[in-house]
Amino acid sequence: MQPGGQFDMGALLAQAQQMQQAVMEAQAEIAAAEVEGESGGGLVKVTIKATGEVVSLQIDPKVVDPDDVETLQDLIVGAVNTAMANAQQLAADKLGPLAGGGGLPGIPGLG
């Protein structure tokens, strides 16, 4: 607020631009990040980009049983789901402080 109780729109716009820049930087970090997930005590490991693209899949030969393909499928699904949850947590950690709670000072309900 300016002296006399007037609202300083320039300061608000500057703060909004800073917040937008911070969000864009966090989104770029998230897009570049890779996260891992595993299942079966590490028998199946998957690495994904935080955007969801699978980068690598490692399967321990001990778990490859032609008579039990269903277990291997379940382990792969479990590893991918764990990696996706880790990617979501990464996004929440990076964007959380920017998305809420910080507020905008001087605006009722937001500051």
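If you count only protein heavy atoms and use a 1.4 Å probe, how large is the accessible surface of ILE59, to the nearest 10 Å²?
Counting only protein heavy atoms, the figure is 60 Å².
Accessible area per residue of region 1-101 at 1.4 Å probe, in Å²?
Working: 6730 Å² over 101 residues.
For region 1-101, the solvent-accessible area averages 67 Å² per residue.
Hey, could you get me the Stokes-Einstein D for region 19-98, Kirkwood radius over alpha-carbon pairs, 4 °C and 1.567 mPa s, rounded to whole µm² s⁻¹?
Values: Rh = 13.5 Å.
In µm²/s, the coefficient is 96.
The values are calculated or read from the model by the stated rules, or taken from the named source; none is laboratory data. Being a predicted model, the structure only gives us computed values, none of them experimental. Keep in mind that these areas ignore ligands, DNA and RNA; they rest on the heavy atoms of the full protein, side chains included. Shrake-Rupley method; radii C 1.70, N 1.55, O 1.52, S 1.80 Å.
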